[in-house]
Amino acid sequence: MQVSVLGCGWLGLPLAKALLAKGFSVKGSTTTYAKLTLLKDAGIDPYLIDVENYVPDTTAEFLSGSDILIINIPPRVKASEATYADRLSQLLPYIGQEGISKVLFVSSTSVYADDNTLVTEFTLPVPDTESGKQVLEAELLFEEATAFKTTIIRFGGLIGEGRHPVKFLAGKENLANPDAPVNLIHQDDCIGIILKIITADSWGEVYNGVSPHHPSRKAYYTAKASQLNLPLPQFNHSEPSTGKTVSGNKVVEVLGYEYKNLL
């Protein structure tokens, strides 16, 4: 089976490698010419694709022969005047033309409002950030398409492989929402869930991908900074904390997935 991975970045590249290890043929895209060699050396069929400016022949060839398309492109809200959904909508004719039957759209828990509630896949998304609004708009674009089946996976904050938000918070003062719960997921679990969706042939679904461990922002980031010998972040307790607790239990209950990294 062949899979096209649109966006071989921090998550997409190790995902593509994991797919190869499972016996899939993989086409992968990058926006960086120099990275084409890196993809090729990893055994990935490389393509230079920029969602700001699709090249028809290249885009068609990237999708040609694939059973599954994984869309893993961050919104980059300020990148251009075109919205995230506008840029991705230009991909739809190519998907239909090349006969892709299944799409996995990597989304974000930013589509849920910070209203201090427990959030599940049954919660109505009411984003309160511009990024969240654009991500939800893109979700709907693929959900409403009839030429293929789409599964949406909404990941929490991404950690792993040199990426952790504590590095940006360390030593900072007056940080908001000390009592809000964290909603994070490790790169390994992101890849594990995506592989599980594909092997279980679970399409037309929405899943949250979030570790079941939800300490407060203050407790978690203070402990993590101490563990990494970083300056401790300082939080502001003068205002009520706002946030949400995102449940990632559906992947456990429906797919039988077991989270490997509990932060």
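The values are calculated or read from the model by the stated rules, or taken from the named source; none is laboratory data. Note that this is a predicted model, so its numbers are computed, not measured. Quick reminder, even Gly has a Cβ in these numbers, built from the backbone with ideal geometry, and neighbours come from all protein chains shown.
Against the test of being out of contact with any Gly (no Cβ under 9 Å at 6 or more places or on another chain), surrounded by 21 or more Cβ atoms within 10 Å (Cβ to Cβ) and modelled with pLDDT of 95 or more, the options TYR259, TYR207, TYR221 yield a single qualifying residue, TYR221. Within the range 122-143, none of the residues are part of a loop (DSSP other than H, G, I, E, B), of a type in the set (Gly, Ala, Ser) and in contact with a Ser or Thr (Cβ under 9 Å, 6 or more places away or on another chain).
Within the range 212-229, does at least one residue satisfy the condition of being within 18 Å of the chain's Cα centre (by Cα), under 25 Å from GLU139 (Cα atoms) and not acidic (Asp, Glu)? Steps first, answer last, please.
In the first step, residues of the range 212-229 are kept if they are within 18 Å of the chain's Cα centre (by Cα); the result is 212.
Of the ones still in play, those that are also under 25 Å from GLU139 (Cα atoms) are 212.
Cutting the leftovers down to not acidic (Asp, Glu) gives us 212.
Scanning the range 212-229, I find at least one residue that is within 18 Å of the chain's Cα centre (by Cα), under 25 Å from GLU139 (Cα atoms) and not acidic (Asp, Glu), so the answer is yes.
Can you report the number of residues in the range 216-263 which are within 30 Å of ILE197 (Cα to Cα), touching a Ser or Thr at 6+ places or on another chain (Cβ under 8 Å) and part of a loop (DSSP other than H, G, I, E, B)? Matching residues across the range 216-263 total 8. Looking across the range 151-165, the residues that are modelled with pLDDT of 95 or more, part of a strand (DSSP E or B) and out of contact with any Lys or Arg (no Cβ under 9 Å at 6 or more places or on another chain) come down to ILE152, ILE153, ARG154, PHE155, GLY157, LEU158, ILE159.
Of all positions in the range 84-91, none carries a residue that is free of Cβ contacts under 8 Å to residues at least 60 places away in the same chain and on the phi > 0 side of the Ramachandran plot. Taking each residue of the range 99-115 that is more than 19 Å from GLY209 (Cβ to Cβ) and looking for partners that are modelled with pLDDT of 95 or more and part of a strand (DSSP E or B) with beta-carbon atoms closer than 9 Å, six or more apart or interchain, yields ILE100/SER4; ILE100/ILE68; ILE100/LEU69; SER101/ILE68; SER101/LYS149.
Among the numbered conditions (1) under 18 Å from SER247 (Cβ atoms); (2) in a loop (DSSP other than H, G, I, E, B), the only one that ASP189 does not meet is (2). For the range 109-133, a residue qualifies if it is under 11 Å from VAL246 (Cβ atoms) and surrounded by fewer than 20 Cβ atoms within 10 Å (Cβ to Cβ), and the qualifying residues are ASP114, THR117, LEU118, THR120, GLU121, THR123. Of the residues making up the range 157-211, those that are of a type in the set (Asp, Glu) and more than 14 Å from the chain's Cα centre (by Cα) are GLU161, GLU173, ASP179, ASP201, GLU205. Within the range 1-18, residues that are touching a residue at least 24 places away in the same chain (Cβ under 8 Å) and under 25 Å from ALA60 (Cβ atoms) have Cβ atoms under 7 Å from residues that are aromatic (Phe, Trp, Tyr) and surrounded by fewer than 24 Cβ atoms within 10 Å (Cβ to Cβ) in these pairs: MET1/PHE24; GLN2/PHE24; VAL3/PHE24, counting only partners at least 6 apart in sequence or on another chain. Checking LYS22 against (1) in contact with a helix residue (DSSP H, G or I) (Cβ under 7 Å, 6 or more places away or on another chain); (2) without any contact (Cβ under 8 Å) to a residue 60 or more places away in the chain; (3) surrounded by fewer than 14 Cβ atoms within 10 Å (Cβ to Cβ); (4) not polar (S, T, N, Q): exactly one of these is not met. Which one? Looking at each condition in turn, LYS22 falls short on (2).
Just to be sure I understand the filter: pairs with C-beta atoms under 7 Å, separated by 6 or more residues or on different chains, first member in the range 160-171 and under 17 Å from ILE185 (Cβ atoms), second member in a helix (DSSP H, G or I). Which pairs pass? Listed by first residue and then by second, the contacts come to GLY160/GLN187; GLY160/ASP188; GLU161/GLN187; VAL166/TYR221; VAL166/LYS224; VAL166/ALA225.
In the set (1) of a type outside the set (S, T, N, Q); (2) at pLDDT 95 or above; (3) under 20 Å from the mean Cα position of the chain (by Cα), the condition left unmet by ALA21 is number (3).
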